[in-house]
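Worksheet: the structure to be examined is printed underneath.
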Amino acid sequence: MQLLFSTEGLHPRIAFRRWQETICTQLVPNEVRNLDAAPFHGRIEFTAIGSLPITRGVQGSTLTTVTPEAVRRNGRGDRLYTIFTQSGRHAVQQNEREAIGRTGDFFVLDHQPAISQIESGSYLILDLPRERLESVLGPSRLFTNITVGANLASTTLANSYVQELIRVGDRLNPDAATRMVSIGID
């Protein structure tokens, strides 16, 4: 994965402000608050395997609000986002539901307003085509923001597959990357 941003080496007084600016520019415009009393630390990495963008975040505790205005400005209504919690705890309120992801869990978010609280930890975000998931699972309101627990065998397989796809992604030729991404989305 390619490093997009890190607070390492930044003065503690400006580290969180730079984090906010980067999150709003690289991901989705939103309001972010630091919940840690200690200096904030964060890192964002990115890769694209075939047509699948994947972002890894490692960060301190934050509260993020994605407003209706931010969603409209971003204009990515054709996308859904699978969040794999690699460590820590990630709670999201969206569509009158709350998903709580702990290490090994995942959930799918819609491109809609949300409130997200991350306790220090790491996560992966897979940027997926809405049409692909809805063609198999039905309307997104039926499956978004529901925690899929790490205790399920299918969750273990999904986590392992995504980790391995990231690890070998740069060695796949374009046709193999397309096939492997398709399998991963399924």
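The values are calculated or read from the model by the stated rules, or taken from the named source; none is laboratory data. From a predicted model like this one, the values you see are computed outputs, not experimental measurements. Glycine also receives a Cβ, built like all others from the backbone with ideal geometry; neighbour counts cover every protein chain displayed. For the accessible areas, the whole protein counts, side chains as well, though only heavy atoms, and no ligand, DNA or RNA atoms are used. Shrake-Rupley method; radii C 1.70, N 1.55, O 1.52, S 1.80 Å.
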Given (1) under 14 Å from the mean Cα position of the chain (by Cα); (2) open to solvent by 20 Å² or more (accessible area, probe 1.4 Å); (3) among the β-branched types (V, I, T), number of the condition V136 does not satisfy: (1)
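Being over 14 Å from the mean Cα position of the chain (by Cα) and of a type outside the set (D, E, K, R): is that true of A37 here?
In short, yes.
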Within the stretch 48-64, tally of residues that are open to solvent by 10 Å² or more (accessible area, probe 1.4 Å) and under 15 Å from T25 (Cα atoms): 2
Those residues of the stretch 125-153 which are farther than 21 Å from T55 by Cα and out of contact with any Gly (no Cβ under 9 Å at 6 or more places or on another chain), in sequence order: E134, S135, V136, L137, G138, P139, S140, R141, L142, F143, L152, A153
From G88, G101, G121, residue being within 28 Å of P68 (Cβ to Cβ) and without any contact (Cβ under 8 Å) to a residue 40 or more places away in the chain: G88
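Rundown of residues vs (1) among the hydrophobic types (A, V, I, L, M, F, W, C); (2) surrounded by fewer than 18 Cβ atoms within 10 Å (Cβ to Cβ), yes/no style:
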residue	(1), (2)
Q94	no, no
R102	no, yes
V108	yes, no
P113	no, yes
Y123	no, no
R132	no, yes
A153	yes, yes
R179	no, yes
Test: residue in the stretch 107-125 that is more than 16 Å from the chain's Cα centre (by Cα), within 29 Å of N30 (Cα to Cα) and either at pLDDT 95 or above or assigned to a strand (DSSP E or B) (or both): no
Qualifying residue in the stretch 79-102 (condition: outside any strand (DSSP E or B) and within 29 Å of A176 (Cβ to Cβ)): no
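Somewhere in the stretch 33-47, is a residue in contact (Cβ under 8 Å) with a residue 60 or more places away in the chain, open to solvent by 20 Å² or more (accessible area, probe 1.4 Å) and within 22 Å of I115 (Cβ to Cβ)?
Of all residues in the stretch 33-47, those in contact (Cβ under 8 Å) with a residue 60 or more places away in the chain come to 35-36, 47.
Still in the running and open to solvent by 20 Å² or more (accessible area, probe 1.4 Å): 35-36, 47.
Adding the requirement that they be within 22 Å of I115 (Cβ to Cβ) leaves 35-36.
Yes; the residues of the stretch 33-47 include at least one that is in contact (Cβ under 8 Å) with a residue 60 or more places away in the chain, open to solvent by 20 Å² or more (accessible area, probe 1.4 Å) and within 22 Å of I115 (Cβ to Cβ).
Per-residue answers, yes or no, for (1) in contact with a helix residue (DSSP H, G or I) (Cβ under 7 Å, 6 or more places away or on another chain); (2) under 28 Å from E134 (Cβ atoms):
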{"residue": "Q20", "(1), (2)": "no, no"}
{"residue": "N30", "(1), (2)": "yes, yes"}
{"residue": "P39", "(1), (2)": "yes, no"}
{"residue": "S61", "(1), (2)": "no, no"}
{"residue": "R76", "(1), (2)": "no, yes"}
Pair list, Cβ under 8 Å, 6 or more apart: the stretch 1-15 residue open to solvent by 90 Å² or more (accessible area, probe 1.4 Å), other residue assigned to a strand (DSSP E or B): Q2/E45; Q2/F46; Q2/T47; L3/R43; L3/I44; L3/E45; E8/R43
